[in-house]
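The values are calculated or read from the model by the stated rules, or taken from the named source; none is laboratory data. These numbers come from a predicted model, not from an experiment. With ideal geometry, Cβ positions are generated from the backbone for all residues, glycine too; neighbour counts draw on all protein chains shown. The area values use the complete protein model at the heavy-atom level, side chains included, leaving out ligands, DNA and RNA. Shrake-Rupley method; radii C 1.70, N 1.55, O 1.52, S 1.80 Å.
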Amino acid sequence: MKISSCATLTGLLFVTSTFAQTGALADRVGSTGFIQLRAESFRTLTPRQKELGYWLVQASIAIDPIIYDQLSAFGIREKRLLEGIASHPAGIDAARLKQITDFAKLFWANRGNHNENTSQKFVPECTFDDFEKAAEQAFQNGAFRSTYGDLAALSSQQQVTKEVLELKDALFNVEFEPMITAKSPRGGKDIVQASSNTFYGPGVTLADLAKFKEHYPLNSSVLKDKNGRLSEQVWRAGTGNGAVPAGRYAVYLKKAIECLQKALAAVEPEQAQVIGDLIHFYQTGEPADWLTFGADWVRDNATVDFANGFIEVYRDARGAKGSSQSFVTVTDKPLTDTMNKLAQNAAYFEDKAPWMDAYKKKSFTPPVVKAVEVLIESGDFQVSTIGD
């Protein structure tokens, strides 16, 4: 079993004055603060290990856009608009720009415009007209002119205006897609129909799924055609020879595979097997290949460790489909040594415990344990101090 205690994490936290005093507070939007923490253990790595960490981080970044689409069909399109405005701000009214960029920061932190804790939607403070004008100005400044993931470029002012209008409800209407995961649906809808996530296509109901056998239960979107038939759209990159066709998210998974292949040049043999397993799974999407990756990963105790894949199922009201997630960590050796020392003395602590001898444990098998510092978390990760 792999057990880790994350010593430092990056991302979004509700801040206290302590963070401001230590200089860790990087930014703030209302009551939400962004803190910067450092993985000091990275400095202790060899050049080869640092190279490995770099490419694993790049693979983590490569799959990050997927979660925006998983949480809403409009997520990646909204992300493009916000990033285009934020990166091409010249000429945009300063007050309106701050409202839009503040919203963008919360959007990035929550991987969309639904709060990651409550699942509820939040909207910009600016008006739709202000947002539209900002997008048009950003286009004049050069935004949106190139492809964005699997989205085609917006090559005219008319296309930008049309895109903003099509996203009006998704961005500004709190009653449109109000929840990522609706456990108490309204309006006569079931939990699948009322959720904004894209694990199931338009028209798919909970009753439909009760009769449907999925071959790819973790990594597919279930769609319904005009005749009411269900099918799976697999999340995979496909193989270069065409034996396995590309599926949904192929553009992002192919980029991740490129980074993972570069990481192979810097790994030890056991971790090379793990990375090779993940590449193969991303190509085929087959459940058996995912299990092979998991079995090899859990036996590998690398200093520079990672997870990357479709993992937790909490965003799906059915608890079946996996969210895109990744992290890269470095072992914090001093803290790991302390934890191991505590584990080795478990018998001493048990012997001194203030309860009857009849209830004291006599033999111990300490777990494999390590403390880690996180280089990156991407996709559907919520910042906290965790034990895996």
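Taken over the range 252-271, the residue count meeting the criterion of being open to solvent by 60 Å² or more (accessible area, probe 1.4 Å) and either under 26 Å from the mean Cα position of the chain (by Cα) or within 21 Å of Val57 (Cβ to Cβ) (or both) is 9. Take the conditions at pLDDT below 85, over 22 Å from the mean Cα position of the chain (by Cα) and either exposed (fewer than 15 other Cβ atoms within 10 Å of the Cβ) or not β-branched (Val, Ile, Thr) (or both) and apply them to Thr18. Does it pass? In short, yes. Between Tyr314, Tyr252, Tyr282, the distinction of being among the hydroxyl-bearing types (Ser, Thr, Tyr), in a helix (DSSP H, G or I) and in contact (Cβ under 8 Å) with a residue 60 or more places away in the chain belongs to Tyr252 only. If you check Val328 against the conditions, is it touching an Asp or Glu at 6+ places or on another chain (Cβ under 8 Å) and surrounded by 13 or more Cβ atoms within 10 Å (Cβ to Cβ)? Criteria met by Val328. Of all residues in the range 147-174, those satisfying the criterion of being at pLDDT 95 or above, open to solvent by 80 Å² or more (accessible area, probe 1.4 Å) and either in a loop (DSSP other than H, G, I, E, B) or at positive phi (or both) are Thr147, Ser155. Restricted to the range 374-388, and to residues there that are modelled with pLDDT of 90 or more and charged (D, E, K, R), the residue that is most open to solvent (accessible area, probe 1.4 Å) is Glu377. Restricting attention to the range 56-68 and to residues that are over 10 Å from the mean Cα position of the chain (by Cα) and crowded, with 24+ Cβ neighbours inside 10 Å, the residue that is nearest to Val251 (Cα to Cα) turns out to be Ala59. Evaluate the range 231-251: report whether one residue or more is of a type in the set (Ser, Thr, Tyr), open to solvent by less than 70 Å² (accessible area, probe 1.4 Å) and within 23 Å of the chain's Cα centre (by Cα). Yes, some residue in the range 231-251 is of a type in the set (Ser, Thr, Tyr), open to solvent by less than 70 Å² (accessible area, probe 1.4 Å) and within 23 Å of the chain's Cα centre (by Cα).
Check whether at least one residue in the range 84-104 is open to solvent by 20 Å² or more (accessible area, probe 1.4 Å), closer than 27 Å to Leu253 by Cβ and touching a residue at least 24 places away in the same chain (Cβ under 8 Å), and report yes or no. Taking every residue of the range 84-104 in turn, at least one turns out to be open to solvent by 20 Å² or more (accessible area, probe 1.4 Å), closer than 27 Å to Leu253 by Cβ and touching a residue at least 24 places away in the same chain (Cβ under 8 Å).
Taking the range 308-322 as the range and being over 20 Å from Val274 (Cα atoms) and of a type outside the set (Lys, Arg) as the test, the residues that pass are Val313, Tyr314, Asp316, Ala317, Gly319, Ala320.
The set of residues in the range 304-319 being within 20 Å of Thr198 (Cα to Cα), open to solvent by 10 Å² or more (accessible area, probe 1.4 Å) and within 13 Å of the chain's Cα centre (by Cα) consists of Ile311, Glu312, Val313, Tyr314, Arg315.
The lone criterion from (1) surrounded by fewer than 19 Cβ atoms within 10 Å (Cβ to Cβ); (2) farther than 22 Å from Ser41 by Cβ left unmet by Asn301 is number (2).
Looking at the range 32-41, can you tell me whether even one residue there is in a helix (DSSP H, G or I) and in contact (Cβ under 8 Å) with a residue 12 or more places away in the chain? Yes, the range 32-41 contains at least one residue that is in a helix (DSSP H, G or I) and in contact (Cβ under 8 Å) with a residue 12 or more places away in the chain. Take the residues in the range 272-285 that are small (Gly, Ala, Ser) and under 20 Å from Leu52 (Cβ atoms); name whichever of them is surrounded by the fewest Cβ atoms within 10 Å (Cβ to Cβ). Once the filter is applied, the top-ranked residue is Ala272.
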